[in-house]
Amino acid sequence: METSQSGLSVHQLEELWKEHDAAAPGTVFYDVPSIRQMPPWDQICFMLNWEFHLPDGDYFSAKHHGFCGVYRLIALASEGDAKPATLNRVGGQDASGTLYIGESSNLSQRLNRLLRSGWGGRNEDSHGAIGMLKQIAVLDYFPRKLGITLLFTVRDTRGVERDLIKAYMNSFGDTPPLNYRL
């Protein structure tokens, strides 16, 4: 797929993910977009089919969520509300409230680990983002002002996660607060 100098649209990025997923194992791609080519973060949040959930003690069933995908842990403006908080970032304000971007080849397993790390009284240490969130006093969203959005994707969930982090970096100059690696 050819990319323009001004960058990819959200649709082009989705097509690139599908193209990479359909390729033979071991295929080397020379058209991997740079950070500067990524679409604006607000367009990614608005144009992709994100599914919103409140972590209210329920669990993510394998039947409905046991698929490949990426997810975001988001800060909410108020308790139990779906409206994201606005986060001040190096390069502007993130109106999506994104605290963390993650991926999994089985979203139900990964998201249930996230829930066991912070909700339901279990307090397992099975998800690093929750462990870090509990330690950072200025991020006072835990546990009642958090939401989870998920996006079912192609098999290359790590590639999609990497591209989402690049898009976030392109818009705000840094990674989401709880992502400390690419």
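Derivation of every value follows stated rules applied to the coordinates shown; laboratory data play no part. These numbers were taken from a predicted model, which means no experiment stands behind them. Note that each Cβ is placed from the backbone with ideal geometry, even for glycine, and that neighbours are counted across all protein chains shown.
Our summary gives the chain a relative contact order of 30 percent, counting only alpha carbon pairs under 8 angstrom and 6 or more residues apart. The peptide list 107-117, 39-49, put in order of mean Cβ contacts within 10 Å with the highest first, becomes 107-117, 39-49.
Viscosity 1.306 mPa s, temperature 10 °C: give me the Stokes-Einstein translational D for segment 10-172 in µm²/s, with Rh taken as the Kirkwood radius over C-alpha pairs.
96 µm²/s
Working from Cα positions, state the angle (0 to 90°, nearest 10) between the long axis of helix 157-172 and the longest principal axis of the chain. Taking the Cα atoms of the chain, the angle to 157-172 is about 90 degrees.
Measuring spread by the Cα atoms of segment 29-91 yields a radius of gyration and Dmax of 15.4, 45 Å.
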